[in-house]
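Presented below is the structure to which this report refers.
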Amino acid sequence: RMGKLYIFFGGSSKRSGRISLETADASLIGDEVGAEASHVKGVGDINNDGFDDLIVGAGFDDQVGQDGGKVYVFFGKSRGQWATNQDMEITCDASFVGENGGDWAGHRVSSIGDVDGDGFNDFIIGANKTDIGSDTDNGTVYLIKGKSTNEWGKDVSLATADASWNGASRDNMGWGVGNRIGDVDGDGLDDIIFNTNKSKYIIILA
């Protein structure tokens with residue numbers, strides 16, 4: 001349950017039959033047993049450098065406390081810069097940590113496109129076990145906006161997210177965070193969808 005991500009590059013030759021994961025062109029390994037660094041989403045180009053990027057959620061990472069959660073960000077790059085069996089903690093380009101132990105931040109992650117029209121793709125992080133005040137398991141969804149490469153950092157608290165939404169007590173907001181739904185209201189900006197464990201869906205019109 002440490003978590004491992006395998007990357008296969010596209011090419012002109014067709015892949016078929018059984019393919020061993022160990023033949024992947026690149027791979028990334030979580031560095032904490034039980035963290036489940038394996039919740040992966042391609043998020044488009046979040047630093048506007050011409051390469052698509054990806055994020056990896058590790059909802060049971062213990063850095064800020066047991067099961068606080070963590071999300072790793074990896075910027076795209078040319079083939080020759082990728083390698084196999086790289087440690088996520090060492091090689092990530094940016095990372096975010098939950099606010100408190102038990103939050104499960106990164107147990108769900110998703111691409112949402114460009115919600116503010118600035119030319120950078122954005123993403124959301126679900127932390128469906130956060131507590132708000134005296135309530136429990138409210139859950140929180142965090143919005144992280146894309147930005148230039150030098151503006152990202154490592155081990156950034158999700159308390160500093162660009163925006164966030166909290167559920168009511170025991171809602172477990174962020175139980176599911178929907179993948180990119182595009183522009184549902186026709187205003188030229190991509191929109192956001194996520195839900196609770198009660199099958200209550202919330203759409204945010206950007």
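The values are calculated or read from the model by the stated rules, or taken from the named source; none is laboratory data. This structure is a prediction, so every number in the text was calculated from the model and none was measured. Please note: Cβ atoms are built from the backbone with ideal geometry, for glycine as well, and neighbour counts cover all protein chains shown. Heads up: the accessible areas ignore ligands, DNA and RNA and are worked out on the full protein's heavy atoms, side chains in. Shrake-Rupley method; radii C 1.70, N 1.55, O 1.52, S 1.80 Å.
Here are the numbers:
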read-out: Condition check for residue 103: modelled with pLDDT of 95 or more and either out of contact with any strand residue (DSSP E or B) (no Cβ under 7 Å at 6 or more places or on another chain) or outside any loop (DSSP other than H, G, I, E, B) (or both); value: no
read-out: Residue list for segment 1-48, restricted to those being open to solvent by 50 Å² or more (accessible area, probe 1.4 Å), under 26 Å from residue 95 (Cβ atoms) and assigned to a loop (DSSP other than H, G, I, E, B); value: 1, 2, 8, 25, 31, 33, 48
read-out: Residue list for segment 64-100, filter: within 13 Å of the chain's Cα centre (by Cα) and in a strand (DSSP E or B); value: 69, 70, 71, 72, 73, 74, 94, 95, 96, 97
read-out: Strands (runs of 3 or more DSSP E) contained in segment 108-206 and holding at least 2 residues without any contact (Cβ under 8 Å) to a residue 60 or more places away in the chain; value: 140-144, 163-166, 192-195, 201-204
read-out: Any hit, segment 46-61, residues being touching an Asp or Glu at 6+ places or on another chain (Cβ under 7 Å) and modelled with pLDDT under 95; value: no
read-out: Subset of segment 97-116 that is surrounded by 16 or more Cβ atoms within 10 Å (Cβ to Cβ) and of a type in the set (Asp, Glu) - its residue that is nearest to residue 149 (Cα to Cα); value: 114
read-out: Residues of segment 130-151 that turn out to be among the hydrophobic types (A, V, I, L, M, F, W, C) and crowded, with 22+ Cβ neighbours inside 10 Å, as a count; value: 2
read-out: Residue within segment 80-93 that is touching a helix residue (DSSP H, G or I) at 6+ places or on another chain (Cβ under 8 Å), at pLDDT 95 or above, aliphatic (A, V, I, L, M) and closer than 24 Å to residue 128 by Cα present; value: no
read-out: Odd one out for residue 86 among (1) out of contact with any Leu (no Cβ under 7 Å at 6 or more places or on another chain); (2) in contact (Cβ under 8 Å) with a residue 12 or more places away in the chain; (3) of a type outside the set (A, V, I, L, M, F, W, C); value: (1)
read-out: Some residue of segment 56-63 being assigned to a loop (DSSP other than H, G, I, E, B), within 22 Å of residue 143 (Cβ to Cβ) and open to solvent by less than 30 Å² (accessible area, probe 1.4 Å); value: yes
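Here is a yes/no grid of residues against (1) open to solvent by 60 Å² or more (accessible area, probe 1.4 Å); (2) under 21 Å from residue 65 (Cα atoms); (3) not hydrophobic (A, V, I, L, M, F, W, C):
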| position | (1), (2), (3) |
| --- | --- |
| 78 | no, no, yes |
| 84 | yes, no, yes |
| 95 | no, yes, yes |
| 118 | yes, no, yes |
| 153 | no, yes, yes |
| 161 | no, yes, no |
| 182 | no, no, yes |
| 191 | no, no, yes |
